[in-house]
Structure formats: C-alpha cells, structure tokens
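For reference, the structure is listed below as structure tokens.
The values are calculated or read from the model by the stated rules, or taken from the named source; none is laboratory data. Here the structure is a predicted model, which means the values were calculated and not measured. All Cβ positions, even for glycine, are placed from backbone atoms using ideal geometry, and neighbour counts span all protein chains on display. Only protein heavy atoms, including side chains, enter the accessible area calculation; ligands, DNA and RNA are left aside. Shrake-Rupley method; radii C 1.70, N 1.55, O 1.52, S 1.80 Å.
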Amino acid sequence: MFSHLRTPRGYLLLALVLLNVLLLTPELPWAGFPPRHWIALEAPLITGLMALLPPARWRRWIAGLVAILVLTVVLGAAGDALTQTMQGRSLNLYTDIKLVPILIELIATNLGLPLAIGGLVAIGLGLFAVGLVLARLLQGFHARNTSRGLALLLVLIGGVGLARLDAMHRDETSSWVARIGHPAVNFVTFEWQRAQETRQAMATFGRQLYADDHAYAAPGGQPLPGLAHTNVILGFIESYGVAAIERGPFKAEIQPRLETIENQLAAAGLSVVTGRVTAATLGGQSWLNHATFASGLPVTSELRFELMIDSPHSTLIDDFKATGHDTAAIMPGITRDWPEGSLYGYDEIHTSGSMGYNGPSMGWASMPDQFTWQRVEDYVLSRHPGPTFTELATLSSHAPWSPVIGMIDDWSTIGDGQVFDRWQGAGEDYASLWHDTEAMRRNYAPAIDYSLQAASGFARRYLGKEALGKKAPGKNDSDKGDRGDHTLMMILGDHQAAPAIIGSNPGRDVPMHVISDDPALLEGFIDRGFRTGMFPPGPEAAIPMQAMRGLLHQIYGAVTPDVTATTSGSGS
C-alpha cells in the first residue's frame with residue numbers, strides 16, 4: 001500500500017513534510033497551535049540541496065548534520081516555550097544555557113530521580129528516533145535517482161522565497177502568502193542578534209560592576225549607622241507578587257489576609273509600611289533577585305550573577321558587617337554545597353541539612369515557613385547579644401503550592417519540627433500538579449496566605465509586645481546599648497509567579513512590607529513612596545530592586561552615631 005513511499009521520490013516527499021513540521025516549531029511558543037505559517041521555506045531549500053548532492057559516502061554525514069541542526073532548532077523552540085510559560089520572556093541561549101543543570105535538578109527534585117531519569121531518557125530517545133528517521137529519509141534520494149529539474153525547483157522556491165518573502169508580506173495581496181514563512185531562519189537570526197546584544201550588555205555590566213562609584217560598592221561595604229543598634233531581618237517570600245493582591249481570583253483571599261495582619265500588627269504594638277519593588281526576574285530564579293537586592297546591581301542572568309559574586313564589589317552583607325552586625329543566612333531551599341554563601345561573607349550559614357528539621361517534607365518544600373521563621377529566633381536573635389542581620393528565603397509558597405497547611409498556634413512547641421507530622425502526606429501529589437495548571441492556580445493564593453501568616457506571626461511573637469522585656473542572657477537595662485534595641489523586618493516577594501498561573505503580562509512588581517517596633521525607623525520609607533499599612537502603592541511608585549540597597553543607605557547611612565543611640569535611625 002505504501003510501496004510508492006519507498007521510492008526516491010517518496011523519501012523526498014516524506015523528508016519535505018517532516019522538515020516542514022519540525023522547522024515550524026519555533027513559532028509555537030508565541031503563535032500557539034496551529035502555527036501562524038503552514039510552510040517553512042527552509043524545508044524545500046534543504047530538500048532540494050540534498051537532492052542535488054551525489055550519493056557519496058560523506059553524504060550521510062551531511063544528512064546527520066542537517067538532522068542535528070534541525071533538532072537543535074526544535075530543542076530551542078521547546079526551551080523558548082518553557083521560558084515563556086515560566087518566566088514570561090523569550091529564551092536567551094547566551095545566558096540560559098547555564099540554567100540547564102538547574103532545570104534538570106529541579107525536575108529530579110519534583111518528580112523523583114527514577115522518574116526524572118526515565119522521562120529524560122524517553123525524551124532523548126524520542127529525539128534520537130526523529131533525527132534518525134530524518135537522516136535516513138535525506139539519504140534516500142540524491143542526484144542520480146531524483147529529477148534535477150525537481151531539485152532545482154525546490155531550491156528556487158526555498159531560496160527565492162527566503163530572499164523575497166519579507167517584501168512579499170509587505171506587499172501582500174493574497175492570503176496564501178501569509179501562510180509562508182521562514183521560522184527557523186528567524187529563530188537563528190534572533191538568537192544570534194540576541195547573543196551579540198547580550199555580549200555587549202554583559203560588557204556594560206562588567207564595567208558597571210568594577211566602576212561603580214557608589215561609596216558602598218567598594219570592598220568592605222559602607223556602614224549603616226542609622227541601624228547600628230537595630231536587628232535587621234530581610235525575608236524573601238517565594239512567588240509573592242502584586243498579582244496575588246491585585247488580580248482575581250487570588251485577591252479575594254489575600255486582601256482580607258493583609259487587612260487582618262495589619263490589625264494584628266497594630267495590636268502587637270508594631271508599625272508597618274509597604275512599598276512596591278520591581279524584581280529582576282519573573283516566574284523564577286530567586287537567587288538573582290536576592291543578589292540584585294544585596295548588591296545594588298541589576299543581576300538579571302546567571303552570567304551576571306557569576307560576574308558579581310566573583311568580583312570585589314561589596315554587598316549589603318558587607319554593609320551590615322561594617323556596621324557591627326553579626327550576619328546570618330537561613331536558606332532551607334539550599335540542599336547541597338553552597339559556595340556562593342561563603343563568597344557573600346555571612347558569619348553563619350544555615351541550610352536545609354543544618355537546620356535540624358525532623359518533620360515531614362511539605363511537597364516541594366523541605367520544611368514549612370513557620371519552622372524557618374522560628375529558626376531566626378533559635379539560631380540568630382536568641383544567640384547573639386549584639387545586633388544581627390539575617391537574610392532568609394522561605395519555601396512554602398513555591399510552585400506547585402502543595403500542600404497548604406495550617407499554622408501552629410503555640411510557637412514554643414515547634415521544636416525540631418515533629419509537630420508538623422500531623423500533615424504527613426497532606427495535599428495532592430505535587431509531582432503530578434505540574435501537569436495541572438488549574439490545580440496550581442487554586443493552591444496559589446492559599447499558599448501565599450500561609451506564608452504571610454507565618455511571617456507576620458513571627459513578627460508578633462518575637463518583635464511585638466510579647467517580646468518586650470526579653471533580654472539576652474546576663475544583660476540588664478544598663479547594657480541596652482550593647483545589643484539590638486529594636487528590629488527592622490523587611491519582607492518582600494522574590495518574584496511574581498509564572499504567567500501561566502497569574503495571567504499574561506503581569507509585570508515584575510512585588511510587595512515589600514517593612515515592620516518595626518520603632519515607628520521612627522519607618523519614616524524614611526514613607527518619604528520615599530511607601531504607604532502605611534500592608535497594601536502596596538500603585539505601579540507609579542515602583543522602585544527597582546537594584547535601587548533598594550541605595551535606598552537603605554539614603555535612609556540610614558547619614559545618621560550620626562549619637563543620634564542612633566536614642567532614635568535607632570529616624571534620619572534620612
């Protein structure tokens with residue numbers, strides 16, 4: 001029945017069809033299915049050129065090379081689709097290639113190593129099979145068994161079409177012209193131009209990195225005298241963006257929670273202001289936003305991060321060490337060696353394996369946020385008689401947002417985390433949720449709600465009225481100047497969730513809540529566009545995340561030491 005397809009002309013036809021299908025894939029991430037074009041001009045050009053080649057032995061290498069190049073385009077299209085879905089931007093091969101190991105680790109973490117290996121092997125075998133079929137088809141016809149006129153016609157259609165298509169589209173008079181395109185050429189051209197632009201941008205970033213004329217950029221940083229006697233906590237809430245507050249259906253749950261927290265903080269004797277910060281990324285790569293906040297530079301890619309972390313450019317950690325703070329990082333999401341932490345220069349680092357958690361895992365998260373916040377008290381505040389700076393990144397609101405658990409009312413019972421055993425096996429199978437966007441959307445707001453409760457609950461218990469009168473061991477009122485007299489707690493989202501969850505064109509803005517037991521510490525934020533309470537201002541008040549380090553220096557860097565001893569930093 002299909003014997004006619006086993007002829008040279010049949011091989012040519014099948015190769016033409018398969019090439020056309022594969023070379024249209026770069027359009028799928030932005031045009032969806034069916035693609036905008038029906039015919040990829042690269043397909044007849046490649047097929048015609050292969051038909052003009054003689055049946056020499058080296059021809060199989062040419063066929064194999066064509067198959068590899070075509071599959072590379074397909075993989076690029078798949079990567080573009082994934083990047084568009086998760087981060088709301090197009091793929092950048094120049095910078096994103098370094099994320100492949102991180103992506104593989106993420107897949108293994110979420111699906112389990114056996115399933116991840118099986119899936120990757122299946123994908124690899126599938127691509128290998130498609131490449132093998134394409135290479136075999138391309139070897140099935142050549143100059144001696146194919147009409148030279150047909151081969152030249154295909155080359156003419158493809159070559160002239162590629163040369164003239166853009167002009168034809170501008171002068172388009174018929175609908176069939178709109179169905180012809182050159183998506184593979186567009187993809188390769190776009191990525192090449194992007195690579196050149198990125199190289200230039202990286203060179204610019206390098207100059208910015210080493211020629212930063214801010215006083216705080218020098219090795220060793222610059223003190224923040226307005227915070228010299230203040231404990232400072234910088235907490236990043238995973239995937240917490242303004243979309244959770246401003247977009248439906250999420251705002252129906254988050255807005256009432258913010259109102260409740262605002263009232264609870266006031267009842268605990270705490271003040272709060274909220275700003276709007278534009279993150280460096282969207283949908284992921286949390287560490288880039290941590291680095292952007294800490295360095296005062298736009299660390300928007302892995303390459304920039306590596307340049308920054310290996311440079312002598314200082315960070316906020318250096319600023320607080322220069323101010324006299326003991327610095328600590330609490331990072332439950334770090335499950336392996338973290339050499340970057342040592343490069344940042346924290347005095348102490350607590351990661352997943354060293355936080356003493358003996359409760360159940362919580363889906364993707366190794367431990368719930370309430371436990372992480374409790375460790376700030378256990379490992380930092382209660383152990384250090386002097387002022388401290390603590391940076392932490394929470395996990396409970398990480399995709400796919402399952403399970404969502406409740407709060408432990410009595411924080412004193414948290415201990416090593418076994419109190420969370422009651423939620424062992426709770427929630428949906430988080431590995432299967434990655435295929436269920438609607439289920440993830442349903443879980444998103446409750447997960448953010450829990451994370452906000454954990455952060456605000458910590459503030460009320462350890463910074464509010466309940467904490468008044470607590471002193472470091474062996475201290476009395478005369479020792480007040482030797483330790484942290486007040487606390488400044490900054491809570492902000494690391495980035496918005498993926499557009500697939502929160503909707504298209506969400507922007508990159510995240511809320512930033514600043515809480516303190518000393519209202520004077522917050523005055524500088526209000527002067528710079530923050531709003532009293534838990535609700536962020538509008539987009540017009542957004543501050544780039546790379547400007548936050550400078551903003552802290554504007555607020556707290558110019559206060560003289562004798563003023564800080566009494567006001568804890570009310571000057572700007």
Residues with amide H under 5 Å from that of Tyr240, placed H, sequence gap 5 or more: Asp494, His495
Hypothetical label at Tyr210: residues of region 288-315 whose amide nitrogen lies under 17 Å (7 Å Cα-Cβ projection): 304-314
Interchain or long-range residues, amide H under 5 Å from Thr351's placed H: Met331
Estimated distance in nm for a label pair at Asp527 and Val133, the labels positioned 7 Å out from Cα along Cα-to-Cβ: 6.9
Prolate/oblate/rounded label for region 260-331 (Cα gyration tensor, a/c 1.5): oblate
Probe 1.4 Å - accessible area at Ser361, Å² to nearest ten: 80
Within the accessible area of region 253-315 (1.4 Å probe), percent carbon and sulfur: 48
Note, ³J(HN,Hα) from phi for region 531-543, Karplus 6.51, -1.76, 1.60, rounded to Hz, x at Gly and Pro: 10, 4, x, 9, 9, x, x, x, x, 5, 9, 5, 10
Cα gyration tensor category, rounded, prolate or oblate, for region 185-294 with a/c compared to 1.5: oblate
Integer Hz, Karplus 6.51/-1.76/1.60 couplings in order for region 317-332, x for Gly and Pro: 4, 5, 4, 6, 5, 5, 7, x, 8, 7, 10, 9, 10, 10, 10, x
Other-chain or far-sequence residues with amide H under 5 Å of Thr327's (modelled H): Asp347, Glu348, Phe389
Separation between Cα centres of region 338-356 and region 284-304, rounded to whole Å: 18
